[in-house]
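Novice: Once you've had a glance at the structure underneath, I'll fire off some questions.
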Amino acid sequence: MYSNWEELEKNCKVCKKCKLCKTRTNVVFGEGNKNADLMFIGEGPGADEDYSGIPFVGKAGKLMNMAFQGIGINREEVYIANIVKCRPPGNRNPQDDEVDACLDYLRNQVILIKPKVIVLLGSIALKAILSKDLGITKSRGKWFNKNGILYMPTFHPAALLRDDTKKIYFWKDLKEVKRRMLL
Ligand code: URA
């Protein structure tokens, strides 16, 4: 574990702990307010993120930004990161060995940020952080408390692009997060 951001980020950006290092363009470390009360965790970079080095800048990110705007969540005030920091080729799901190799970076980010609430975007984030036994459809919209942090699983924004009917639930879940943040 690193006690400062510079060292953590520097090490993460030259990481060779898994095979994704061979195909990445950029490590997508994360972005946002390092003192955020609210954090979002996605799955892993897509093509646009791999190209830019910034999380959630592609189609799914644009949809998430629109939801943020509508609900009154300021993207600059939150911190956004992913389970794996390098793009899985062809946007396949990250494999267990890749998740295991990468997760310490995210754990370190969470320790440094000390968020009150973490939104888990989609099934990969839910399973990696809370439990492999949980499914996103049943778990979304419910609060989970783990080690003093409140977790809200919801659908991944990319899932909303494939299935319009999920948008209302994503919206509802973010509204609940916003409500909780204001308490
Ligand atoms: N999907 C993710 O899970 N993370 C990103 O950064 C972009 C798309």
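Each row is one residue, and each column tells you yes or no for (1) part of a loop (DSSP other than H, G, I, E, B); (2) within 16 Å of the ligand (Cβ to nearest atom).
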site: Lys16; (1), (2): yes, no
site: Lys34; (1), (2): yes, no
site: Met64; (1), (2): no, yes
site: Ala81; (1), (2): no, yes
site: Arg87; (1), (2): yes, yes
site: Glu98; (1), (2): no, yes
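Novice: From Gly44, Gly30, grab the single residue that is near the ligand (Cβ under 10 Å from one of its atoms) and farther than 26 Å from Leu182 by Cβ.
Specialist: Step by step, each of Gly44, Gly30 is checked, and only Gly44 is near the ligand (Cβ under 10 Å from one of its atoms) and farther than 26 Å from Leu182 by Cβ.
Novice: Sticking with this structure for a sec: Considering each residue of region 100-131, count those that are more than 12 Å from the ligand (Cβ to nearest atom), part of a loop (DSSP other than H, G, I, E, B) and not polar (S, T, N, Q), and give that number.
Specialist: So the answer is 4.
Novice: Those residues that are outside any loop (DSSP other than H, G, I, E, B), touching a Pro at 6+ places or on another chain (Cβ under 7 Å) and not hydrophobic (A, V, I, L, M, F, W, C), I need them from region 36-60; list them, please. Give the steps one after another, and end with the answer.
Specialist: Pass one, region 36-60, residues outside any loop (DSSP other than H, G, I, E, B): 38-42, 47-52, 59-60.
After this cut, where a residue has to be touching a Pro at 6+ places or on another chain (Cβ under 7 Å) as well, the list is 38-39, 42, 49, 60.
Gly42, Glu49 - these are the residues of region 36-60 that are outside any loop (DSSP other than H, G, I, E, B), touching a Pro at 6+ places or on another chain (Cβ under 7 Å) and not hydrophobic (A, V, I, L, M, F, W, C).
Novice: Identify the residue in region 137-170 that is charged (D, E, K, R) and surrounded by 12 or more Cβ atoms within 10 Å (Cβ to Cβ) and, among all such residues, is nearest to Val57 (Cα to Cα).
Specialist: Taking region 137-170 first, the residues charged (D, E, K, R) are 138, 140, 142, 146, 162-164, 166-167.
Subsequent filtering for residues that are surrounded by 12 or more Cβ atoms within 10 Å (Cβ to Cβ) retains 140, 142, 166-167.
Details: Arg140: 23, Lys142: 27, Lys166: 20, Lys167: 19 Å.
Of everything passing the filter in region 137-170, Lys167 is nearest to Val57 (Cα to Cα).
Novice: On to the next question. Is it the case, given these coordinates, that Leu134 is touching a helix residue (DSSP H, G or I) at 6+ places or on another chain (Cβ under 8 Å), more than 21 Å from Ala60 (Cβ to Cβ), within 16 Å of the ligand (Cβ to nearest atom) and not hydroxyl-bearing (Ser, Thr, Tyr)?
Specialist: On the way: touching a helix residue (DSSP H, G or I) at 6+ places or on another chain (Cβ under 8 Å): yes; more than 21 Å from Ala60 (Cβ to Cβ): yes; within 16 Å of the ligand (Cβ to nearest atom): no; not hydroxyl-bearing (Ser, Thr, Tyr): yes.
Considered against the rule, which asks whether it is touching a helix residue (DSSP H, G or I) at 6+ places or on another chain (Cβ under 8 Å), more than 21 Å from Ala60 (Cβ to Cβ), within 16 Å of the ligand (Cβ to nearest atom) and not hydroxyl-bearing (Ser, Thr, Tyr), Leu134 comes out as no.
Novice: I would also like to ask the following. Condition test on Lys34, is it over 24 Å from Asp164 (Cβ atoms) and in contact with a Leu (Cβ under 9 Å, 6 or more places away or on another chain)?
Specialist: yes
Novice: Would you check if Asp173 is surrounded by 16 or more Cβ atoms within 10 Å (Cβ to Cβ), at pLDDT 95 or above, among the acidic types (Asp, Glu) and over 21 Å from Pro45 (Cα atoms)?
Specialist: So Asp173 fits the description; yes.
Novice: Which residues, counting only those in region 145-173, are in a helix (DSSP H, G or I), within 16 Å of the ligand (Cβ to nearest atom) and out of contact with any Lys or Arg (no Cβ under 8 Å at 6 or more places or on another chain)?
Specialist: Pro157, Arg162, Lys166, Phe170
The values are calculated or read from the model by the stated rules, or taken from the named source; none is laboratory data. Keep in mind the model is a prediction, meaning the values are calculated, not measured. Here Cβ is always computed from backbone atoms with ideal geometry, including for glycine, and neighbour counts include all displayed protein chains.
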